[in-house]
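Asker: What follows is a single structure, and I will ask about it in a moment.
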Protein chains: 2
Amino acid sequence: MANGTLLYAQSGGVTAVINATASAVITAARARKVKVLAARNGILGALREELIDTSKEPVSAIRALAHTPGGAFGSCRVKLKSLEADRARYERLLEVLKAHDVRWFLYNGGNDSADTALKVSRLAEEFGYPLTCIGVPKTIDNDLAVTDCCPGFGSAAKYTAVSVRECALDVAAMADTSTKVFVYEAMGRHAGWLAAAAGLAGQRADDAPHIILFPERPFEEATFFAEVKKTVERVGYCVVVASEGIRTADGTFVADAGGGKDAFGHTQLGGVASHLAARVKDTLGYKVHWTLPDYLQRSARHVASKTDLEQAQAVGKAAVEYALKGMNAMMPVIQRMSENPYRWKIVPAKLEDIANHEKTMPANFLRKDGYGITAAARRYLEPLIKGEAPPPYGRDGLPKYVVLKNTAVKKKLPKFEG
Amino acid sequence: MANGTLLYAQSGGVTAVINATASAVITAARARKVKVLAARNGILGALREELIDTSKEPVSAIRALAHTPGGAFGSCRVKLKSLEADRARYERLLEVLKAHDVRWFLYNGGNDSADTALKVSRLAEEFGYPLTCIGVPKTIDNDLAVTDCCPGFGSAAKYTAVSVRECALDVAAMADTSTKVFVYEAMGRHAGWLAAAAGLAGQRADDAPHIILFPERPFEEATFFAEVKKTVERVGYCVVVASEGIRTADGTFVADAGGGKDAFGHTQLGGVASHLAARVKDTLGYKVHWTLPDYLQRSARHVASKTDLEQAQAVGKAAVEYALKGMNAMMPVIQRMSENPYRWKIVPAKLEDIANHEKTMPANFLRKDGYGITAAARRYLEPLIKGEAPPPYGRDGLPKYVVLKNTAVKKKLPKFEG
């Protein structure tokens, strides 16, 4: 049993399994008799001294967290700047940590959070305050360096592959007299990881998706139209998966072409899928449909990947172990041990090797023509969507997701104006 | 054992469970040693004499059909007109049926298909050809008369309620610094059945969805904005579910306001969600996100309702029984026997009571303010999404959906130009 408390905070866009990490953190800490506080709305809660006492939650609630999507304590989109530029906020953070005897700080997020955790650890050192900072990986974007994959990605990838396989069957059935071209918009502003995952939906030649558009390749409309036409003529229909982040050769986001303001100055919300669908309709004359799953793809806990869930829990558990061992400025990451059968383990990595780096998709994951994935991509991606881990359902036919009490810890400091 | 063959055809938009009906039809017919042909692409296949010999499919494939979304033989959007106006096509149909010794015709669809089946039965009678025509219910729109509910609706309803519950947790977690208003677009051009199903996602006051927009009520933008603002101020965020078919008091579809042509004559694909999201952003200044699940909501077999699946199979089985008993121009429909516990049975209904009628949502299902569902709606809807019936998954992490061989039957007639 250790003295002091552990502070856990979630950061950035939530995932289907970030709460599974939280659940594992709390469970592991409880087993070691360590008190866990959680920051409300991520780092903001730490700055505002809005802390949650997780000891008020029964074991059943913490267990249910493991199958509840969203972010149970709230998350936020706030990036602290450099130690110099944001000095006041970093010092406030440290004050709050001290006031609540926080000796272990676990920050669950992506690149930015790794960076923040690293800076907090440096400041604590500077001030001689004994604090162990641990980054805990999470992002559906799968763009963290060092780790083989990111908790949250596998479930979003599974949602994507399953959804594309399902809607393709729908389109195939109707194509003779109805929709011939279907466009699915996948998240991915910088890297096409989720669009690549859609590629898992197809097994044989001419299976959907027929065309995948990656942000890694410049988008050429004429070539795209030709490919769509060829596909419709050969297969009878064409399922397109487009990353939200595709750009033309001059760097313009295709999504922006469909948006902007109309003649009355009203906002037109863009989107790659609606834009491409409209262009295909105008140019090729096919009946089109499109989908924008948006948040559904990162909150679909009902179709989570078991592999992803297990990794999300494993990094949470390891984070507590690393913290209590005083392994400062580290992150538990996933290492792929073998591909067939797929084996992985958790190993420690330095935050400084992760913070502000970005993992891009290997060039050999994209097919030569740029419209599909290679066998190498398939070997990498497939294990990540393996296994099912459905949530329990209630008698009302809906998943039993938990909403925590989130009991506030009494504040000890004056209000912070920052 | 009976002489003659049974022809089965799918019609209109497919669902997550229409193939479960097909599976039940074929299984029931095989048990009675009746040969089943299927029309390729619905009624078009019957007109073109493009028939499929289902006896070439192994038992395992027919079993797998029960958990495969889409339409295994193809469907179509073709509505035959009156017997007078479309005489040539009806006569051709009869010719094809005769040529293949079809004595039982099962047409699996919505209102239009019930009408077509009825007309074919009348023409057969007129020509003295012994044919039993059976309508088999199917539609995610839940708008068929007489039947308590429609196979296909329950699974789309479950998808909707689950998805809304999940994305609401996502929005709730991020609302402090990110998206405050989220708009979910549900299918439903004429009736708000699926939007109503979204209401099941919330249990307590202030649970999402906070606002449901039904086509049954005229859309008033100012009142809507006021409600969104009030909700964000009270709850911190607002989840809106909008039926694609909502209209303003003058009858204009709201979806069309977001579409049309831009200044260059390019198509702008509309949509209720993107339009409402843009208007909320412009008027209230909130950060918005929106989703358009489109075909995903009717093909999501992975989250099908067990009740819906069982009903889809039951109507298929009953259709074969009715057919072999010679119960001409009938449809097996679902009768609700009791609500708590939910009990139902299949009973025969006359096609003439179903064809061209449309079931609308009862007025007492909508809350007085028009933004939510009542307890009566909940009592009706809840049993329909009850129970889970996940498909088997492969080792690749994806549902094992079957693709049939669809072996063509040799043509016997000259080509039809109609």
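Asker: Can you work out which of the residues in segment B:68-97 that are of a type in the set (A, V, I, L, M, F, W, C) and part of a helix (DSSP H, G or I) is farthest from residue B:390 (Cα to Cα)? Outline the logic, then answer.
Answerer: Kept after step one, since they are of a type in the set (A, V, I, L, M, F, W, C), are these residues of segment B:68-97: B:72-73, B:76, B:78, B:80, B:83, B:85, B:88, B:93-94, B:96-97.
Now narrow it down to the ones that are part of a helix (DSSP H, G or I): B:88, B:93-94, B:96-97.
Details: B:88: 44, B:93: 38, B:94: 40, B:96: 38, B:97: 37 Å.
Ranking the candidates gives B:88 first.
Asker: Further, regarding this structure: Every residue in segment A:71-85 that is within 17 Å of the chain's Cα centre (by Cα) and either more than 7 Å from every other protein chain (Cβ to nearest Cβ) or at pLDDT below 90 (or both), please. Even if it seems obvious, please write down each step before you answer.
Answerer: Going residue by residue through segment A:71-85, those that are within 17 Å of the chain's Cα centre (by Cα) are A:71-79.
Those that are within 17 Å of the chain's Cα centre (by Cα) and either more than 7 Å from every other protein chain (Cβ to nearest Cβ) or at pLDDT below 90 (or both): A:72, A:73, A:77, A:78, A:79.
Asker: If we scan segment B:252-265, do we find a residue that is within 14 Å of another protein chain (Cβ to nearest Cβ) and under 30 Å from residue A:391 (Cα atoms)?
Answerer: Of segment B:252-265, the ones within 14 Å of another protein chain (Cβ to nearest Cβ) are B:254-265.
Narrowing further to those that are under 30 Å from residue A:391 (Cα atoms): none.
Checking segment B:252-265: not a single residue is within 14 Å of another protein chain (Cβ to nearest Cβ) and under 30 Å from residue A:391 (Cα atoms).
Asker: Taking only pairs six or more apart or across chains, which ones have beta-carbon atoms under 7 Å, a first residue in segment B:247-259 that is in the same structural domain as residue B:220 (by TED's automatic domain parsing) and within 14 Å of residue A:274 (Cα to Cα), and a second residue that is part of a loop (DSSP other than H, G, I, E, B) and modelled with pLDDT of 90 or more?
Answerer: B:255/B:244
Asker: May I ask you to say which residue of A:31, A:88, A:22, A:9 is farther than 20 Å from residue A:330 by Cα and touching a residue at least 60 places away in the same chain (Cβ under 8 Å)? Working first, answer last.
Answerer: Values: A:31 fails: touching a residue at least 60 places away in the same chain (Cβ under 8 Å); A:22 fails: farther than 20 Å from residue A:330 by Cα; A:9 fails: farther than 20 Å from residue A:330 by Cα.
Step by step, each of A:31, A:88, A:22, A:9 is checked, and only A:88 is farther than 20 Å from residue A:330 by Cα and touching a residue at least 60 places away in the same chain (Cβ under 8 Å).
Asker: To continue, here is another question. Among residues belonging to segment B:169-188 that are assigned to a loop (DSSP other than H, G, I, E, B) and within 14 Å of chain A (Cβ to nearest Cβ), point out the one that is nearest to the chain's Cα centre (by Cα). If you could, list the steps in order and put the result at the bottom.
Answerer: From segment B:169-188, those assigned to a loop (DSSP other than H, G, I, E, B) are B:175-180, B:187-188; that's our starting set.
Pick out the ones that are also within 14 Å of chain A (Cβ to nearest Cβ) and you get B:175-180, B:187.
Details: B:175: 34, B:176: 38, B:177: 38, B:178: 35, B:179: 31, B:180: 31, B:187: 10 Å.
Residue satisfying both the conditions and the ranking: B:187.
Asker: Please determine whether any residue of segment B:153-160 is facing chain A (nearest Cβ under 8 Å) and either farther than 24 Å from residue B:21 by Cβ or touching a residue at least 12 places away in the same chain (Cβ under 8 Å) (or both).
Answerer: Filtering segment B:153-160 for residues facing chain A (nearest Cβ under 8 Å) gives B:158.
The next check asks that each one be either farther than 24 Å from residue B:21 by Cβ or touching a residue at least 12 places away in the same chain (Cβ under 8 Å) (or both); those that pass are B:158.
Looking for residues that are facing chain A (nearest Cβ under 8 Å) and either farther than 24 Å from residue B:21 by Cβ or touching a residue at least 12 places away in the same chain (Cβ under 8 Å) (or both), one finds at least one in segment B:153-160, hence yes.
Asker: Mind checking which residues of segment B:370-418 are in contact (Cβ under 8 Å) with a residue 60 or more places away in the chain and acidic (Asp, Glu)?
Answerer: B:382, B:388 - these are the residues of segment B:370-418 that are in contact (Cβ under 8 Å) with a residue 60 or more places away in the chain and acidic (Asp, Glu).
Asker: While we're on this one: Looking only at segment A:282-291, which residues are in a helix (DSSP H, G or I) and either free of Cβ contacts under 8 Å to residues at least 24 places away in the same chain or not assigned by TED's automatic domain parsing to the domain that holds residue A:194 (or both)? Before the answer, list the steps.
Answerer: Initial filter on segment A:282-291 (in a helix (DSSP H, G or I)): A:282-284.
Correct list: A:282 only.
Asker: Taking the options B:38, B:29, B:22, name whichever one is away from chain A (no Cβ under 13 Å) and within 29 Å of residue B:307 (Cβ to Cβ).
Answerer: On the way: B:38 fails: away from chain A (no Cβ under 13 Å); B:22 fails: away from chain A (no Cβ under 13 Å).
Selected residue: B:29, the only one of B:38, B:29, B:22 that is away from chain A (no Cβ under 13 Å) and within 29 Å of residue B:307 (Cβ to Cβ).
Asker: Restrict the check to segment A:357-367 and report whether at least one residue is in a helix (DSSP H, G or I), surrounded by fewer than 21 Cβ atoms within 10 Å (Cβ to Cβ) and not β-branched (Val, Ile, Thr). I'd like the intermediate steps shown before the answer.
Answerer: Kept after step one, since they are in a helix (DSSP H, G or I), are these residues of segment A:357-367: A:363-365.
Still in the running and surrounded by fewer than 21 Cβ atoms within 10 Å (Cβ to Cβ): A:363-364.
Narrowing further to those that are not β-branched (Val, Ile, Thr): A:363-364.
Within segment A:357-367, one or more residues are in a helix (DSSP H, G or I), surrounded by fewer than 21 Cβ atoms within 10 Å (Cβ to Cβ) and not β-branched (Val, Ile, Thr).
Asker: For segment B:375-395, what are the residues that are at the interface with chain A (Cβ under 10 Å from one of its Cβ atoms) and surrounded by 15 or more Cβ atoms within 10 Å (Cβ to Cβ)?
Answerer: The answer is B:378, B:381, B:382, B:383, B:384, B:385, B:386, B:387, B:388, B:390, B:391, B:393.
Asker: Also: Being among the aliphatic types (A, V, I, L, M) and more than 10 Å from chain A (Cβ to nearest Cβ) is the filter here, so list the residues in segment B:277-291 that pass it. Write out each step before concluding.
Answerer: Residues of segment B:277-291 among the aliphatic types (A, V, I, L, M): B:277-278, B:280, B:284, B:288.
Result: B:284, single match.
Asker: Still on this structure, please answer the following. Of the conditions (1) at pLDDT 95 or above; (2) facing chain A (nearest Cβ under 7 Å), residue B:269 fails just one. Which one is it?
Answerer: Condition (1) is where residue B:269 drops out.
Asker: Here's a follow-up. Is segment B:208-216 home to any residue that is assigned to a loop (DSSP other than H, G, I, E, B), away from every other protein chain (no Cβ under 12 Å), at pLDDT 95 or above and in contact with a Leu (Cβ under 7 Å, 6 or more places away or on another chain)?
Answerer: So in segment B:208-216, the residues assigned to a loop (DSSP other than H, G, I, E, B) come out as B:208-210, B:214-216.
If we keep only those that are away from every other protein chain (no Cβ under 12 Å) too, we end up with B:209-210, B:214-216.
Retained after the next criterion (residues that are at pLDDT 95 or above): B:209-210, B:214-216.
Those still in the list that are in contact with a Leu (Cβ under 7 Å, 6 or more places away or on another chain) too: B:214, B:216.
Looking through segment B:208-216, at least one residue is assigned to a loop (DSSP other than H, G, I, E, B), away from every other protein chain (no Cβ under 12 Å), at pLDDT 95 or above and in contact with a Leu (Cβ under 7 Å, 6 or more places away or on another chain).
Asker: How many residues does segment B:339-396 contain that are among the hydroxyl-bearing types (Ser, Thr, Tyr), under 30 Å from residue B:211 (Cα atoms) and over 20 Å from the mean Cα position of the chain (by Cα)?
Answerer: Going through segment B:339-396 one residue at a time, the tally reaches 3.
Asker: Something else about it: Among the residues of segment A:331-339, is any among the small types (Gly, Ala, Ser) and surrounded by fewer than 19 Cβ atoms within 10 Å (Cβ to Cβ)?
Answerer: So in segment A:331-339, the residues among the small types (Gly, Ala, Ser) come out as A:338.
Pick out the ones that are also surrounded by fewer than 19 Cβ atoms within 10 Å (Cβ to Cβ) and you get A:338.
Within segment A:331-339 (the criterion being among the small types (Gly, Ala, Ser) and surrounded by fewer than 19 Cβ atoms within 10 Å (Cβ to Cβ)), the answer is yes, since at least one residue qualifies.
Each row is one residue, and each column tells you yes or no for (1) more than 30 Å from residue B:125 (Cβ to Cβ); (2) more than 7 Å from chain A (Cβ to nearest Cβ); (3) assigned to a helix (DSSP H, G or I); (4) in contact (Cβ under 8 Å) with a residue 40 or more places away in the chain.
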{"residue": "B:309", "(1), (2), (3), (4)": "yes, yes, yes, yes"}
{"residue": "B:335", "(1), (2), (3), (4)": "no, yes, no, yes"}
{"residue": "B:338", "(1), (2), (3), (4)": "yes, yes, no, no"}
{"residue": "B:352", "(1), (2), (3), (4)": "no, yes, yes, yes"}
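Asker: Follow-up. In the set B:199, B:192, B:154, B:109, which member is at pLDDT 95 or above, farther than 30 Å from residue B:368 by Cβ and crowded, with 24+ Cβ neighbours inside 10 Å? Don't jump to the end; show me each part of the working.
Answerer: Working: B:199 fails: farther than 30 Å from residue B:368 by Cβ; B:192 fails: farther than 30 Å from residue B:368 by Cβ; B:154 fails: farther than 30 Å from residue B:368 by Cβ.
Among B:199, B:192, B:154, B:109, only B:109 is at pLDDT 95 or above, farther than 30 Å from residue B:368 by Cβ and crowded, with 24+ Cβ neighbours inside 10 Å.
Asker: Hey, does segment A:292-301 have a residue that's among the aromatic types (Phe, Trp, Tyr) and either on the phi > 0 side of the Ramachandran plot or in a helix (DSSP H, G or I) (or both)? Before the answer, list the steps.
Answerer: First, pick out the residues of segment A:292-301 that are among the aromatic types (Phe, Trp, Tyr): A:295.
Now drop any that are not either on the phi > 0 side of the Ramachandran plot or in a helix (DSSP H, G or I) (or both), which leaves none.
No; the residues of segment A:292-301 include none that is among the aromatic types (Phe, Trp, Tyr) and either on the phi > 0 side of the Ramachandran plot or in a helix (DSSP H, G or I) (or both).
Asker: Any idea which of (1) out of contact with any Lys or Arg (no Cβ under 6 Å at 6 or more places or on another chain); (2) within 14 Å of chain A (Cβ to nearest Cβ); (3) crowded, with 18+ Cβ neighbours inside 10 Å is the one residue B:372 doesn't satisfy?
Answerer: With (1) out of contact with any Lys or Arg (no Cβ under 6 Å at 6 or more places or on another chain); (2) within 14 Å of chain A (Cβ to nearest Cβ); (3) crowded, with 18+ Cβ neighbours inside 10 Å applied to residue B:372, the lone miss is (2).
The values are calculated or read from the model by the stated rules, or taken from the named source; none is laboratory data. Just so you know, these numbers come straight off a predicted model, no measurement behind them. Cβ: placed from backbone, ideal geometry, glycine included. Neighbour counts: every protein chain shown.
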